[in-house]
Each structure stands twice: as structure tokens, then as C-alpha cells.
1. If I ask for residues that are assigned to a loop (DSSP other than H, G, I, E, B) and either surrounded by 21 or more Cβ atoms within 10 Å (Cβ to Cβ) or on the phi > 0 side of the Ramachandran plot (or both), which ones from the range 212-236 would you list?
2. Which condition does Leu416 not pass, out of (1) hydrophobic (A, V, I, L, M, F, W, C); (2) free of Cβ contacts under 8 Å to residues at least 60 places away in the same chain; (3) touching an Asp or Glu at 6+ places or on another chain (Cβ under 6 Å), if it passes all the others?
3. May I ask you to list pairs of residues, at least six apart or on different chains, whose Cβ atoms are under 8 Å apart, with the first in the range 204-223 being without any contact (Cβ under 8 Å) to a residue 24 or more places away in the chain and the second being part of a helix (DSSP H, G or I) and charged (D, E, K, R)?
4. List the pairs whose first member sits in the range 374-392 and is farther than 28 Å from Arg199 by Cβ and in contact (Cβ under 8 Å) with a residue 40 or more places away in the chain, whose second member is basic (Lys, Arg) and part of a helix (DSSP H, G or I), and whose Cβ atoms are under 6 Å apart, counting only residues at least 6 apart or on separate chains?
5. Among the candidates Thr22, Thr65, single out the residue that is hydroxyl-bearing (Ser, Thr, Tyr) and crowded, with 22+ Cβ neighbours inside 10 Å.
6. Go through the range 99-150 and report how many residues are crowded, with 16+ Cβ neighbours inside 10 Å and aliphatic (A, V, I, L, M).
7. Considering the range 368-395 alone, what residues qualify as being among the hydroxyl-bearing types (Ser, Thr, Tyr) and surrounded by fewer than 17 Cβ atoms within 10 Å (Cβ to Cβ)?
8. Hey, can you tell me all the residues within the range 68-87 that are surrounded by fewer than 19 Cβ atoms within 10 Å (Cβ to Cβ) and among the aromatic types (Phe, Trp, Tyr)?
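The values are calculated or read from the model by the stated rules, or taken from the named source; none is laboratory data. Everything quoted here is computed from the prediction, not taken from an experiment. Here the Cβ positions follow ideal geometry from the backbone for every residue, glycine too, while neighbour counts run over all protein chains shown.
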Amino acid sequence: MKNIAVALPYAVSIRDFVNGGTFEALSSGGEFRLTIYTLNPDIPELEAVRAKGFQILPFTPYENTRLEAFCKRVYPQFFSDQMAYLQLTNADNVLRRLFGNGMSLLRRMMGPRLTLKLVGSVLAALNSRRHLPDQLTEPADLFIGTRSLVNSVDYGLVAEANRRGIPMLTLASSWDNFTTKGYFPFPTKGTVVWNEQMREELLALFDVEPDKIVVAGYPRARLLQERVRDTDPETYLSSIGIDGYKRFVLYSASYGELTRAPGHPIPLEYEGILSICAALEPTLPEDVCILIRLHPFSNEKDRALFATLPRCHVFVPGRADKYVERVMGIADEEHLATQLARAEAIVSLASTVSIDALCLRKAIINVDFDVVEDVPLKWSSRRFYQFNHFRDLLRTARLPLAKSIEEVVQFVHECLAGRHVRGVDMPAFERMYVPPNSADYPQHVRQAVKAMTND
């Protein structure tokens, strides 16, 4: 039996690894003994782990020294010429822009592999000299990092595994990490990605060896497809305390804090939601309401911001715990799947919900405008569509964008009337973003773990 250490530092890690079925796939068959490391071992969402008798141990979030923090800020700049996120960040500062250009030139001279090796060696040396106590207290033949980035709270576990020579497998947990935060700079036996798009990013940006990339599928596809409640919209709305409506429009908010600008009391995205919904409400049939679904990073108090909208009802997913974002259990997965599947129309802002909606072949439109005039691009909601991950999705799948409130209203009414023509290139979307085998994601991870522990 092989010993596997698994880091679950964020609530999204728990979603993909436990809710999504990967834990079940690895724990069945008696081949692997798992030890889970997380911030709160007692959360109910890990009951499946406890029921099988595996250990769940706490770890202490990593705190950088000043020099480590500096190196981690510098590292992505090696790739700033290829990351739109960094180009926008550097744009209004001449020195930062020149620094990014210089670091990118240095990377082109050294090559991506040598650059990653250099960064990894520096970070490893800085960590080693601190002589921190070990936190991976149980035997491990393989360490699985579910959020292995240099700025993740589990960085201490990752650095320890690297220092002790424990082989590592990383599971990509977000589709934007490679093009906003960089690739893992420590040696790994492999990286599991969602799709062909992420595989191409690893090859093109970081020159990762092709045989070290495993395309396992979209880890949430099975949850979305299997967790839709067998109920009609009216009954579902009533189950969450919303009575008097037979249909609903879903407005899925992104992480609003990313649009918090100086001089504005609330995030610009929230101002947009208020303006769009205020314009949309009076035009809706009497049996239709708007369900505003907040992001898992949101605060329960944000609910009050939308109290002035009489036909809008706010849903806050998950619950607050020790994690950065709200923790979602199976019931929360059912709410997400059902809200997407039963909505008449879906409105969002550059969110992963776009992938979720298309998984269920639902019509979605993304808001590509600000309701506040003259917003600098670095605060604007529009900037997200220039980032590599969403720019590529738009180009590949031809997702519709709304350039005004009127276009959002028109889209919703077309959906309500059954007249909306999606125009999305579903074959291209499935080819690049949600492979047909996505429901088998847990088994693909299991096969990768088995191969890497049998070497």
C-alpha cells in the first residue's frame, strides 16, 4: 500500500477533491493510504474521509520572509510579456513595465525550463535556511498538491516535500492560474490539468515536458450533470424561501472585491448588478424573479446591498470557516447545478460559471461594460476579458458579451421567449475546455497516481 499525502488548503480544493469524487476514487481498492492536510480537520465536508478511517491533520499557513515575498512577486514577471494580467498591472508604472520587459528578456535568453529551475532553486534555498519544523508528519510516497502555487497557504507543505525529496503531483485547481500566477517552479512527476487549453499553456509558456501533463477533464462536470435536483423552478425557488414565482433569471456574481475602486463605497461589479437589475425588473413577466448568486469569496453581509431590489433575491453559497473562501458541501453543489439548469437565462461577469453553464448547455451572457463612467481600466470590469484565460475562451467558443444594459435586457427576454440563438461554438468549447471524458476525472487522477507510485 502506497502512502499519499494530500494538501487541501482551500475550499475549492475540497470541492474538487472530495465533492468531485477524486477522494473516493483514490480511497477505493485498498491501494493507497491517504493523509489529508487542511486548515480545519473538523469540517463536516470531510466526513467521507473520516468515515474511511484516514487521518486529517491541520497545517499552519505559510508566512513569507520579506525576501521570499519579494522573490515571489518577481517570479511572474519573467513571463510578463505573455501574461495580459501582468501587462495591465504594469501598464501605469514605467519602472514596473521596464522591469517586466527586462525579466521577460532574461527568460527568453535562458529558456522557460532554466528560468523555472532558477526560481525553484532560490525559493528552496530561502525556505531551507529557515529550518522550519516538518508538518508532513506521516509517511508519504507521493505528495499531491491541489493548489501548488508559490503564494498558496500550503506553500510550506510544498516546500517541505521538495526539500525532503518526496515526489510531487500537482492538480490544477483553476483555469487562470498558469496565465496569472505562473507555473509550479519545483520539480514534479506530473501536472493534472482540466483540458487541452491548459495543456497548451503549459507547453507554450513554460515548456513543460508533454509526458508530464495529464489531461483529466473538467473536475466539476460530473457534479453539475449529476446534482441537478429533479424539480421545477417554482418548487426549487420555494425550497430556498422564494415564493410567488414560477421562473427565474440567474445573475451569477464574480468576486466583487476585484472591482473595488477608490472613491466607490461598493465594488463596481455590485454597482453594475444594481443598475442592470433595476432596469430589468420592471420589464419581467409577473412570474419571473431574479436570483442573484454571490461568489464563494463574498461576505454574507453583501446580501444587504441588494435589498432595494424588490424582485431580486440573493443566494450566498457555502458557509464561512477558516478558509479564504466559503466552504461548499454536496448540498451547495446541488444548489449550483439546479440554479444553472433551471434558470431561464444566466448573466455573469467573466466567471468560471461560463464554463459551468455551457457544461449544461445553458444560455449565458457576460457583462462587458461599466455602469460608472470613466473607470480606469485597472479597476474596470472590462479588463477581465483581456486576461489570457477569458480572452482565449471568447475566441474559441464565441461567447456572447453584453456591451450595455439594453443588451442584457434583450438577451433575457429572448431567453424567456425561447428565441435566443446561442451562437456558441460548442464543438470547439468541448474540444478545448470540457473534454467528453470529464465525468471520469477522478479515475484519470487515480491512474496518474498509480503510474507515479509504481515507477
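1. First pass over the range 212-236, keeping only residues assigned to a loop (DSSP other than H, G, I, E, B): 216-220, 227-232.
Within the range 212-236, Ala216, Gly217, Tyr218, Pro219, Arg220 meet the criteria.
2. Among (1) hydrophobic (A, V, I, L, M, F, W, C); (2) free of Cβ contacts under 8 Å to residues at least 60 places away in the same chain; (3) touching an Asp or Glu at 6+ places or on another chain (Cβ under 6 Å), the lone unmet condition for Leu416 is (2).
3. Final answer for the pair search is Ile213/Arg199.
4. Leu377/Arg383
5. Working: Thr65 fails: crowded, with 22+ Cβ neighbours inside 10 Å.
Step by step, each of Thr22, Thr65 is checked, and only Thr22 is hydroxyl-bearing (Ser, Thr, Tyr) and crowded, with 22+ Cβ neighbours inside 10 Å.
6. Of the residues in that region, 14 qualify.
7. Result: no residue meets the conditions.
8. Phe70, the sole residue that qualifies.
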